[in-house]
Structures are given as structure tokens and as C-alpha cells.
Amino acid sequence: MPATNLISARPAVTASAVSAGQAGLEGWVHSTETFGTADGPGIRYVLFMSGCPLRCQYCHNPDTWHRQDGTLTTVEEVLADIASYRGFIRANGGVTLSGGEPLVQPAFCKAVLHGCKALGLHTALDTSGYLGHLADDALLADVDLVLLDIKAATGRRFRSLTGVELKPTIRFAEDLAAINKPVWLRYVLVPGLTDKRDEIESLATFAAGLGNVERVDVLPFHKLGEHKWRDRGLDYRLERVQPPSEESLEQARATFRAAGLLVH
């Protein structure tokens, strides 16, 4: 879950980390996590950005759905804050842009990613892929790893679960495969919704065929963000759904492994 701290004022970052035309660019930042270990390799600085077009039934951060849920922050402020942690994250970690959906703000994402590469840092983009068409060649050139969250394996299930179509995510996955961009696939196992074996088999076959999926993370559904729905007067439809059993998690992981994929 995103940490509650927002970016505070830092000394100006070196000018070389900000490209011409990007100085003063602002974006909506929800929060940061400075020692993340679940959003890419090593110790990560995780930038949670505000705004998301999906309305996932199991979302644990509905407080990131709207841009104005965050704080308007300049790219220089973000990069200066990141730079202050460089000594901790440079060796084996890096920076992950998450959300919300970071590609809601593609220009800001591009500026931050470019600045991170100028600082010599590994970069990861945590995305649903729904807005993948907004990730142009220049943005993807500064991304070392994509954490691709595929919410469901069929169009009907995906639409019911998220409120949007699956095709844009599939198209983005194929585009990433075409440029051989490393991908870690993420799949949340929700009892009664995303635990159908044939659907998982279909997704596993698709993922294995891409050729650029380095690993798969099967993540258990949890209800840690349920209170956020209540606080906002939202209808939490999964109130009676319990987290999946270890047996069902292992069955899902075994299905991905059977397709020849590395599973964590």
C-alpha cells in the first residue's frame, strides 16, 4: 500500500536530470514509498501517482482514482527527492512508477523516468496496460521493466471486474513483446472472480507466447483497503469474499509454471 508521506521540499535537483522543455512540469502525486520491496527488483523508491480509468472491484487504493486525490508536484521536486535516496536504491534497486495508473499522466511519467535514468537508476513502470497507447517510444526507452497487471483473462470477466475493455491491455502486452521489453506479469487471484482454471490457463498460454515475460507474480486478493471504500461512501462489492487459500494460490501458480513461465 502507498505510504502516507508526500514529497517534501528538497534542494534543486541537478539540471542534467531534467530535459529541456520539462523544467517546471507538474504532476499529481499521491504518495511515495522509500524502501519498497514488492514493486520490482531490490529496494525501490515507489512513486504513487494519482488518477486511474479502471474501477477494479478489488482495488485497495480508491483514494488514487482521481488526479486531485494527490498533490501537484514538479518533476524537479520528485527527482530531488529520489536523488536523496540514491545511495540506498542504486546498487540492486531503483524507482517504480505506480498509482493509480501512472500513464494517466504520460508527460510527467516520461520526465520522471528520463530523470531517473540520468541519475543512473533502474526504472520500472507498474501499469494495467489500458493506457499503453500513451507510452510512446521515448517513454519506453527509459523503462527497464514493466510490471504489467492483467486483471482477468477474458474480455467479459475483465470488463465486469474493471469497468473497461481488455483489448488495450492485450495490445500493449504485444507491443512490449515486439520490442522485447522485460515484463513481470501480475495476476491477482480473487475467489469466484479470477480463479477459474481454464481462464488462468488461457492467460498463461498467452503470456508464455509473448517471449518477454520474465516472471509471473500470483498475488492473493486482500481486503486491506476496504475501509477506504466505506470512507468514500462507495459500495464495496467484495465484502463477503475471503482471501484465497494457499492451495488455490499454488494451483494458479502451477498453471503458469506448466506453461513454462517462472513464477514467484
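Every number here is computed from the coordinates shown, using simple stated rules; none is lab data. Everything numeric here is computed off the predicted structure, so don't read it as measured data. For neighbour counting, all protein chains shown are included, and Cβ atoms are generated from backbone atoms with ideal geometry for every residue, glycine included.
Things to note:
- Ellipticity estimate at 222 nm from DSSP helix runs (n ≥ 4, -39,500 (n - 2.57)) divided over the chain, nearest 500: -9000 deg cm²/dmol
- Modelled label positions at Asn212 and Glu239, each set 7 Å beyond Cα in the direction of Cβ, lie 4.3 nm from each other.
- Calculated on alpha-carbon atoms, Rg and Dmax of region 97-163 in Å: 13.1, 43
- Taking the three principal axes of the alpha carbon atoms in the chain, the coordinate ranges are 52, 43, 31 Å, sorted in descending order.
- Debye intensity ratio in log₁₀ form over the Cα atoms of region 130-207, taken at each q of 0.11, 0.13, 0.17, 0.26 Å⁻¹: -0.29, -0.40, -0.67, -1.32
- When all alpha carbon pairs of region 173-212 are counted in 10 Å bins from zero, the resulting P(r) reads 28, 45, 24, 3 %.
- Loop-located GluC sites (Glu not before Pro) in region 122-211 (DSSP state other than H, G, I, E, B) with a sparse environment of at most 12 neighbouring Cβ atoms within 10 Å: Glu165.
- Trypsin sites (Lys or Arg not before Pro) restricted to DSSP loop in region 165-214 with at most 16 other C-beta within 10 Å: Lys196
- The chain: Cys lacking any partner C-beta under 4.7 angstrom: Cys52, Cys109, Cys116
- Cα-based Kirkwood hydrodynamic radius, region 9-131, one decimal, Å: 14.3
- A straight Cα-to-Cα reach below 20 Å connects Lys117 with the aspartates and glutamates Glu26, Glu33, Asp39, Glu76, Glu77, Asp81, Asp126, Asp136, Asp137, Asp142, Asp144, residues fewer than 8 places away in its own chain not being considered.
- Entries of Lys181/Lys223; Lys196/Lys223; Lys167/Lys228 with Cα pairs more than 23 Å apart: Lys181/Lys223; Lys167/Lys228
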